[in-house]
1. Scanning the stretch 39-57 for residues that are open to solvent by 50 Å² or more (accessible area, probe 1.4 Å) and within 16 Å of the ligand (Cβ to nearest atom), which turns out farthest from Leu120 (Cα to Cα)?
2. Return only the number of the condition from (1) within 16 Å of the ligand (Cβ to nearest atom); (2) open to solvent by 30 Å² or more (accessible area, probe 1.4 Å); (3) at pLDDT below 95 that Thr126 does not satisfy.
3. Of all residues being in a helix (DSSP H, G or I) and either among the hydroxyl-bearing types (Ser, Thr, Tyr) or at pLDDT below 95 (or both) in the stretch 1-38, which is nearest to the ligand (Cβ to nearest atom)? Just the residue, please.
4. Against the conditions (1) in a loop (DSSP other than H, G, I, E, B); (2) in the same structural domain as Asp183 (by TED's automatic domain parsing), where does Gly49 fall short? Just the number, please.
5. Any residue in the stretch 64-83 that is assigned to a helix (DSSP H, G or I) and within 30 Å of Arg192 (Cβ to Cβ)?
6. Given the conditions (1) open to solvent by 80 Å² or more (accessible area, probe 1.4 Å); (2) without any contact (Cβ under 8 Å) to a residue 40 or more places away in the chain; (3) of a type outside the set (D, E, K, R), and given that Val181 satisfies all but one, which numbered condition is not satisfied?
7. For the stretch 134-145, does any single residue satisfy the condition of being small (Gly, Ala, Ser), assigned by TED's automatic domain parsing to the domain that holds Ala185 and within 12 Å of the ligand (Cβ to nearest atom)?
Amino acid sequence: MASAPSPFVVGLTGGIGSGKSAVAERFAARGAAVVDTDAIAHALTGPGGAAMAAIGAAFGSGVVRADGALDRPAMRRLAFADPAARQRLEAILHPLIRAESDRQAKTTADHPYVLLVVPLLVESGTYRERCQRILVVDCPEAVQIARVMARNGLAEAEVRAILAAQASRAERLAAADDVIVNDGALEALEPRIDALDRDYRRLAAALAGDNRGRLHGTC
Ligand code: ADP
C-alpha cells in the first residue's frame, strides 16, 4: 500500500525572544499546521510526562517536583554546571521529541503545510534534514534581551548566557531560505506572513504534484 505523501515542512527557528511563537501563531491563523518542539518538550517533562521516569532515574529526585514535573530551575543549574549532565538530558529528550514531532507532522493531512518550530534548528543537523525550507525570525540582540527579560523576569546576564549557548544571528541567517525581520510592531509582520504563506502553499502543492507523479510512474 502506498504511504501518504510526506507533508511540506517549513522549519521555523530564531534565537530566544526573536518572536517564533508570535510568528507561529500568525501562520496557524492562516491554516498552517504548527508542530512546536518546545511545547512537546514541556509536555514530556510535565507531570506524568513520558520523559520523567528516565530523567528521575538519571538525575535523582532533586530535579523532580512533588507533582512529578521536571524542576526546571534545578535542572538548568545542573545542566549549566555540568556539560555531561546536559548531554545526558538531551540523550533522553531528543529522541522522544523527534518521535512525537514526527507523529504530529503526519496527522496534518487537512493543512496545506507543516510549520515545525525548532529553537535550535540551525544547531541540529537532523532537523535541518527534515525541512524543505528554513524560515528564520530575526531581530537585534538588544531587542531579544529586552523581550526575554520582560517575558521571563530574567536578569540581563542570564539572557546573555542563554544567547551565548545558541547559534549567532549570522549563523542562523546563513542557513535561512526565508527571513522575517521582527524588530517593529507585531502588526507590521502581517503582509510578510501573508506573502510567505502564499509561497509555502504553492510549494506544498508542487510537492504534492511531484509525489503523485512519482506514484503514477511506478504503477
Ligand atoms: P520566542 O518564541 O522566539 O522565544 P516570542 O514569540 O515568545 O519569542 O516573543 C518573545 C516576547 O516578545 C513575547 O512576550 C512576545 O509577546 C514579545 N514580542 C514578540 N515580537 C514582538 C514585537 N514585534 N513587538 C512587541 N513584542 C513582541
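1. In the first step, residues of the stretch 39-57 are kept if they are open to solvent by 50 Å² or more (accessible area, probe 1.4 Å); the result is 39, 42-43, 47-48, 50, 53, 57.
After this cut, where a residue has to be within 16 Å of the ligand (Cβ to nearest atom) as well, the list is 39, 42.
On the way: Ala39: 14, His42: 15 Å.
Residue satisfying both the conditions and the ranking: His42.
2. Among (1) within 16 Å of the ligand (Cβ to nearest atom); (2) open to solvent by 30 Å² or more (accessible area, probe 1.4 Å); (3) at pLDDT below 95, the lone unmet condition for Thr126 is (1).
3. Just the residues of the stretch 1-38 that are in a helix (DSSP H, G or I), to begin with: 20-29, 37-38.
Pick out the ones that are also either among the hydroxyl-bearing types (Ser, Thr, Tyr) or at pLDDT below 95 (or both) and you get 21, 37-38.
On the way: Ser21: 3, Thr37: 11, Asp38: 7 Å.
In this case the residue turns out to be Ser21.
4. Status for Gly49: all satisfied but (2).
5. Residues of the stretch 64-83 that are assigned to a helix (DSSP H, G or I), as a first pass: 72-81, 83.
Retained after the next criterion (residues that are within 30 Å of Arg192 (Cβ to Cβ)): none.
Scanning the stretch 64-83, I find no residue that is assigned to a helix (DSSP H, G or I) and within 30 Å of Arg192 (Cβ to Cβ), so the answer is no.
6. Looking at each condition in turn, Val181 falls short on (2).
7. Just the residues of the stretch 134-145 that are small (Gly, Ala, Ser), to begin with: 142.
Going one step further and asking which of them are assigned by TED's automatic domain parsing to the domain that holds Ala185, we end up with 142.
Then keep just the ones that are within 12 Å of the ligand (Cβ to nearest atom); that gives none.
Looking through the stretch 134-145, none of the residues is small (Gly, Ala, Ser), assigned by TED's automatic domain parsing to the domain that holds Ala185 and within 12 Å of the ligand (Cβ to nearest atom).
Listed here are the residues, each with its yes/no results for (1) in the same structural domain as Ile16 (by TED's automatic domain parsing); (2) under 14 Å from Lys20 (Cβ atoms); (3) surrounded by 12 or more Cβ atoms within 10 Å (Cβ to Cβ).
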site: Leu121; (1), (2), (3): yes, yes, yes
site: Ala167; (1), (2), (3): yes, yes, yes
site: Asp197; (1), (2), (3): yes, no, yes
site: Gly209; (1), (2), (3): yes, no, no
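The values are calculated or read from the model by the stated rules, or taken from the named source; none is laboratory data. Quick caveat: nothing in here was measured; it's all calculated off a predicted structure. Every residue, glycine among them, receives a Cβ derived from its backbone with ideal geometry; neighbour counts consider all protein chains shown. Keep in mind that these areas ignore ligands, DNA and RNA; they rest on the heavy atoms of the full protein, side chains included. Shrake-Rupley method; radii C 1.70, N 1.55, O 1.52, S 1.80 Å.
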